[in-house]
Amino acid sequence: MARAEVVSIGTELLLGQIVDTNAPLLGQRLAEIGIGVYRRYTVGDNLERATEAIQRALQEADVVFTIGGLGPTEDDLTRDAIAEATGCPLIHDENLAEHLRQLFRSRGLTTNDRQFRQAMRPEGSASLPNPHGTAPGIRLEWNGQLIYALPGPRHEFVPMLEKIVLPDLAQRFVGEAIVSRVLRLTGIGESKAEEMLGELTRSENPTVAPLAHVAETHFRITARGKDKAQAEALIAEMEQRVRERVGEFVYGIDDQTLAMALVDLLKSKRQTVATAESCTGGLLGAKLTEIAGSSEVFLGGFVTYSNEMKQRYLGVPAEILESYGAVSEPVARAMAEGALRQTGANWAIGITGIAGPGGGSEDKPVGLVFIGLADANASHTARYQFIGDRAVVRERAVQAALTLLRKAVLLGSCGSL
């Protein structure tokens, strides 16, 4: 198997200001074509340390990838680091420079000297086109090894990886293929799911391993084969065995979110949903409207943070608020019923709770959330006690609401919950 090492460059990565999601994706996609990632380095915007990391990676790797640091600013040092590490001096590529001029002219902008840093590349290298940004990538064949420099922004990195780098590598290397598939579960905890899977989690090829995730349970199935087709066949067989045991909780695979799965489910049934949110402040509606095509199923939502707004827009009775408080099952039910009445949707969800860090009491602690669900014939409420900070409580509440709605839609009625 060909060996790869990855150098992610950017001080913002070390400071935790940005989470590196590109390197994990790179490792996954390389494995699928039989190239294994043996080491990953993360360094700041420092020429000496970036050069040292690239030199270290070149000591053993067949392929070295750098991610980030290709922009026009002074701290974009990846080109310089590759030049230093390999002894290939930077040269000015007039074709790249002209491309930059045309690109900026088309946007009604003017160029400056700093922009033309992006027209520099190590001698002997080839530039990789970047239709989604200004910084081209780099491919350098050096000393029998390959170096790829890829841009850091996700919307630039992924197309360059998928459309240019992976096809190029597939032609150059033939090795053992490693393929992974992630099964995404909701409504069941990791330990319970692992217990139900039993000996499957001890399988060696394919392997079945849990992945940590907030408010959901994910299992990654990974198989090795002489080629991708063989590995995928092994995965398909194991996935069927997993689904036989926990299939009722599986809502999607790989990158499919619960909101995506729910939108698809509602589309298939030609049904609609509306939301009424308090503690989540519109987060549930945002999750749904992130999905392309959600306008077919999401009619709208209400963010009723105060009691006055709950009464005015959702018709929550004042006596219920006075008797039970805003964070209660009766209010969650009334919010859902009010949203259903106001919009005419097939389903409506109401969420009320205490996200924290303040506002809790002995009877109603921080993390307490009530979710109401209503359809034309019935309504249902559920009580949850979540653990975590404000952001986690809100995220868990949204996931719980999506899970509850998905289950009701599959059953056909709130009354069946």
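Each reported figure results from applying straightforward, stated rules to the coordinates on display, with no laboratory input. All values derive from a computational prediction rather than experimental measurement. Cβ sites come from the backbone with ideal geometry, for glycine too, and all protein chains shown count toward neighbours.
Using only side-chain charges placed at the Cβ, +1 for Lys and Arg and -1 for Asp and Glu, the dipole size of the chain relative to its Cα centre rounds to 960 debye. Among Ile349, Ile253, Ile18, the residue with the largest mean-square fluctuation in a Gaussian network model of the chain, with springs joining Cα atoms closer than 10 Å, is Ile18.
Compute the semi-axes of the equivalent ellipsoid of the chain, taking the square root of 5 times each eigenvalue of the Cα gyration tensor, and list them largest first in whole Å.
Values: eigenvalues 463, 149, 73 Å².
Output for the chain: semi-axes of 48, 27, 19 Å.
Test of understanding: ordering Ile91, Ile138 by Cβ neighbours within 10 Å, fewest first, what list do you get?
Ascending number of Cβ neighbours within 10 Å: Ile91, Ile138.
Could you order peptides 19-32, 393-406 by the average number of other Cβ atoms within 10 Å of their residues, highest first?
Working: 19-32: 17.7, 393-406: 22.9.
For the peptides 19-32, 393-406, the packing ranking is 393-406, 19-32.
For the chain, modelled as a GNM whose springs connect Cα atoms under 10 angstrom apart, the maximal fluctuation among Ile33, Ile291, Ile371 occurs at Ile291. Of the residues Val37, Leu258, Leu26, the one whose Cα sits farthest toward the positive end of the charge dipole of the chain, with +1 on the Cβ of Lys and Arg and -1 on the Cβ of Asp and Glu, is Leu258.
For a straight C-alpha distance cut-off of 27 angstrom, the lysines reachable from Lys269 (same-chain residues fewer than eight places away being disregarded) are Lys287, Lys407. Is the stretch 129-218 rounded, prolate or oblate when judged by the Cα gyration tensor, a ≥ b ≥ c being the square roots of its eigenvalues, rounded requiring a/c under 1.5 and prolate requiring a/b larger than b/c? It comes out oblate by the Cα gyration axes. With each label modelled as a point 7 angstrom along the Cα→C-beta vector, the Asp227-Asp113 pair spans 5.5 nm.
More than 20 Å apart: what percent of Cα pairs in the stretch 57-189 qualify? Show your work: numbers first, answer last.
Values: 4490 of 8778 pairs.
Roughly 51 percent, rounded to a whole number.
Residues Lys364, Lys226, Lys287 in ascending order of nearby Cβ atoms (within 10 Å, fewest first): Lys226, Lys364, Lys287. Ranked for footprinting exposure by Cβ neighbours inside 10 Å, fewest first, Leu146, Leu299 give Leu299, Leu146.
Taking a ≥ b ≥ c as the square roots of the eigenvalues of the Cα gyration tensor, the stretch 258-416 is prolate, since a/c reaches 1.5 or more and a/b is larger than b/c.
Each stretch of four or more DSSP H residues adds -39500 (n - 2.57); spread over every residue of the chain, this sum gives -11500 deg cm²/dmol at 222 nm. Relative to the dominant Cα principal axis of the chain, helix 22-32 is inclined by about 80°.
Placing unit charges on C-beta atoms (Lys and Arg positive, Asp and Glu negative, everything else neutral), compute the dipole magnitude of the stretch 1-139 about its Cα centre in debye, rounded to 20.
Details: 14 positive and 19 negative charges, 79 e Å.
Approximately 380 debye in magnitude.
When the Cα centres of the stretch 56-129 and the stretch 230-276 are compared, how far apart do they sit, in Å? Value for the Cα centre distance between the two parts: 42 Å.
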